[in-house]
Amino acid sequence: MSKVYVFNSHGGPEGQELIDRPAPEPGLGELGVQVHAAGVNPIDWKLRSGEVSHDQEFPVAMGQEVAGVVTAVGDGVDGFAVGDEILGLAAPGHGGFAEHTIVRATDAVVKPEEVSFADAATIPVAATAAYDGTHQIDLEVGQTLLILGVGGGVGLMAAQIGKVHEFTVIGTASESKREIVESTGATFVAYGDGVASRLREIAPEGVDLILDLVGGDALRDVADLARAPGRIISAADATTATELGGSALIHNEEAMGKITDVIKYELVDPHVSARFPLDRAGEAIAAVESGHATGKVIVEVIAV
Ligand SMILES: NC(=O)c1ccc[n+]([C@@H]2O[C@H](COP(=O)([O-])OP(=O)(O)OC[C@H]3O[C@@H](n4cnc5c(N)ncnc54)[C@H](OP(=O)(O)O)[C@@H]3O)[C@@H](O)[C@H]2O)c1
C-alpha cells in the first residue's frame, strides 16, 4: 500500500486525511513516480474548499506539483526511463502529497542533478507561473514590473526573473517580508491603506506591467498605475483583471523546461521556507491557506 493525502468533502481542513491506497500504475503516456517532495499551492485548498471546481470523486488526492524518481514507464512514453529523477504535475486524480503518484510524460521534465528535490518540487506550478507571468508580455531592460503579492511562492520567483531580465521590479507585501523581498533586488512597498500613492511616489510615470498574485481590491486599488489597461496580468483573479482590461495568466508549454534551466543555473532561488513530512501535510496546506506564506512551502515525502 502507498500513502496519499486526500480530502473527503468540500469545506474546511477537517475533511482532509492521510489514507492508504495501492500504488498507482502508469497508463498510456504516463510515468509512475516515487515522490520525494511536493510543492504546496493555493489551488490545493481552493479545490478542497470548493472555490475551484473539479470533476473528481471523493476522496480527492491533494497536491499538484512533485519531484521524484520514475519507478515505472507506461506504454507510448519516449525520453524517460525507470530511475530518472523528474519533476512534473501530478496527473488528475493521483495527487502529489503521496508516496507514489502518476505524472504524464508530457507534464514532466528531467530534474537536473544540481537542483534538489525540494527546489524541483516548486517548479511545475509556482516557478512555471512566475515564468509565464514575466514572459506573457515582453518588457524591455529598465521597464517597470509591479508584482502584487511578491512575498509568496510565485512572487519571489517572479521578482528574481524580473531582475535577471534587468527590469525595474517593485513588489507589494506585508512589512514582515521587507528583507526577503529586498534580497531579490526588488523595491519593497507595504500594501494596505495608501498603497497606490506609495507606489506612485516610486513610479510617478506608472508601471509597464502589473503581475497580480492577490486579486480583488488589492488589484483594483493599484490598477491605474498600469500605463495601459492591457498591461495587467493576474494569476489570482482572472475576473477582476479582465474587468480592468487586463488578462488572466496564460500558460506556455515551454515554460516548465525553461524555468528549470534558470533554477539549475542558480539565477532564481525558489525560497523553500518551510518543509513538512507527509503525515503533517495538513499543516503545510494550512500555512499556505493562511494567505501569508513566505516563499514556498513543501511536503517532504522523503527527507534528505
Ligand atoms: N494560474 C496558475 O497557473 C497559478 C499558478 C500558481 C499560483 N496561482 C495563483 O497565484 C496566486 C499566488 O500564488 P502563490 O503560490 O504565490 O501564493 P502564496 O505563496 O500563498 O503567496 C501569496 C502572498 O500574497 C501576500 N498577500 C496577501 N494579501 C496581500 C495583499 N493585499 N497585497 C500584497 N500581498 C498580499 C501574502 O503574504 P503577506 O500578506 O504576508 O505579504 C503571500 O506572501 C494565488 O491566487 C494562486 O492560486 C495561479
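Nothing in this text is a laboratory measurement; each read-out follows from the coordinates by a stated rule. Just so you know, these numbers come straight off a predicted model, no measurement behind them. Cβ atoms come from the backbone with ideal geometry, glycine included; neighbour counts cover every protein chain shown.
For THR240, what charge total do you get from the other residues with a beta carbon under 10 Å from its beta carbon, if Lys and Arg give +1 and Asp and Glu give -1? Show your work: numbers first, answer last.
On the way: positive: ARG220; negative: ASP212, ASP217, ASP237, GLU243.
Taking every Cβ under 10 Å from that of THR240, the sum is -3.
Taking H as built 1.01 Å from N, whose amide H comes closer than 5 Å to the amide H of LYS111, not counting residues under 5 places away?
Excluding prolines and chain starts, which carry no amide H, the hits are GLU85, ILE86, LEU87.
Just to be sure I understand: with springs between alpha-carbon atoms less than 10 Å apart, which residue in GLY96, GLY11, GLY171 has the highest mean-square fluctuation in the Gaussian network model of the chain?
Of the options given, GLY11 has the highest mean-square fluctuation.
Sort THR172, THR106 so that the residue with the fewest other Cβ atoms within 10 Å of its own Cβ comes first and the one with the most comes last. Please list the in-between numbers first.
Values: THR172 28, THR106 11.
In order of increasing Cβ crowding within 10 Å: THR106, THR172.
Let me have the relative contact order for the chain, percent, based on Cα pairs under 8 Å that are six or more residues apart. Could you put the intermediate results ahead of the total?
Values: 735 pairs, mean separation 56.5, N = 304.
The normalised contact order for the chain reaches 19 percent.
How large is the dipole of the chain about the Cα centre if only Lys and Arg carry +1 and Asp and Glu carry -1, each at its Cβ, rounded to the nearest 20 debye? Let's see the in-between values first.
Working: 19 positive and 45 negative charges, 84 e Å.
Roughly 400 debye for the chain.
Return the sequence-ordered ³J(HN,Hα) values of segment 252-264 in whole Hz as given by the Karplus equation 6.51 cos²θ - 1.76 cosθ + 1.60 applied to θ = phi - 60°, using x for Gly and Pro.
Calculated HN-Hα couplings, in order: 9, 5, 7, 4, 4, x, 5, 6, 4, 5, 4, 6, 4 Hz.
Taking the beta-carbon count within 10 Å as an exposure proxy, list ASP221, ASP75, ASP279 from fewest neighbours to most. Display every interim value, and only then the final one.
Numbers: ASP221 18, ASP75 9, ASP279 12.
Going from sparsest to densest Cβ surroundings: ASP75, ASP279, ASP221.
To make sure I understand, if each residue's beta carbon is the centre and we count other beta carbons within 10 Å, what order do ASP84, ASP55, ASP237 fall in, fewest to most?
Listed from fewest to most nearby Cβ atoms, that is ASP55, ASP84, ASP237.
Can you give the FRET efficiency for ASP193 and ARG227, using 1/(1 + (r/R0)^6), R0 = 25 Å, r = Cβ-Cβ distance, to the nearest 0.05? Can you show the working numbers first?
On the way: r = 24 Å, r/R0 = 0.97.
Rounded to the nearest 0.05, the efficiency is 0.55.
Apply the Karplus parameterisation 6.51 cos²θ - 1.76 cosθ + 1.60, with θ equal to phi minus 60°, to every residue of segment 294-304 and state each ³J(HN,Hα) to the nearest whole Hz, in sequence, with x for glycine and proline.
Each residue's phi maps through the Karplus curve to give 9, x, 9, 9, 10, 9, 9, 6, 10, 6, 9 Hz.
Pick from VAL35, VAL52, VAL222: which is most flexible by mean-square fluctuation in a GNM of the chain where alpha carbon atoms under 10 Å apart are linked?
With Cα springs under 10 Å in the chain, the top fluctuation among VAL35, VAL52, VAL222 is at VAL52.
Amide H of GLU30: which non-local residues (sequence gap of 5 or more, or other chain) have their own amide H closer than 5 Å, using H built in the peptide plane?
The list, which skips near neighbours in sequence, is GLY74, ASP75, ALA105.
Could you give log10 I(q)/I(0) at q = 0.22, 0.26, 0.28, 0.31 Å⁻¹ for segment 42-101, computed by the Debye formula over C-alpha point scatterers of equal weight, without solvent?
Debye intensities relative to I(0), on a log10 scale: -0.90, -1.10, -1.21, -1.39.
Among LEU31, PHE117, VAL60, whose Cα lies farthest out toward the positive end of the dipole of segment 24-133, if unit charges sit on the beta carbon of Lys, Arg (+1) and Asp, Glu (-1)?
Going by the Cα projections, it comes out as VAL60.
Which whole-Hz couplings ³J(HN,Hα) result when phi for each residue of segment 67-73 is put into the Karplus expression 6.51 cos²θ - 1.76 cosθ + 1.60, θ = phi - 60°, listed in order with x for Gly and Pro?
Working through the residues one at a time gives 9, x, 10, 5, 10, 7, 10 Hz.
Run the paramagnetic zone check for ASP55: 7 angstrom along Cα to Cβ, then residues of segment 78-108 with backbone nitrogen under 14 Å.
Only 92-93 pass the distance filter.
Give, in nm to one decimal, the length gained when the segment between ASP20 and GLU166 is fully stretched (0.36 nm per residue of separation minus the Cα-Cα distance).
Separation in residues times 0.36 nm, less the Cα-Cα distance, equals 47.7 nm.
Ranking request for peptides 250-262, 120-132, 13-25: highest mean number of other beta-carbon atoms within 10 Å first, then the rest in descending order.
Numbers: 250-262: 16.3, 120-132: 29.2, 13-25: 14.7.
Ranking, from highest mean packing down: 120-132, 250-262, 13-25.
Please state the charge dipole magnitude for segment 132-242, taken about the Cα centre, from unit charges on C-beta atoms (+1 on K and R, -1 on D and E), reported in debye and rounded to the nearest 20.
Values: 8 positive and 16 negative charges, 13 e Å.
It works out to roughly 60 debye.
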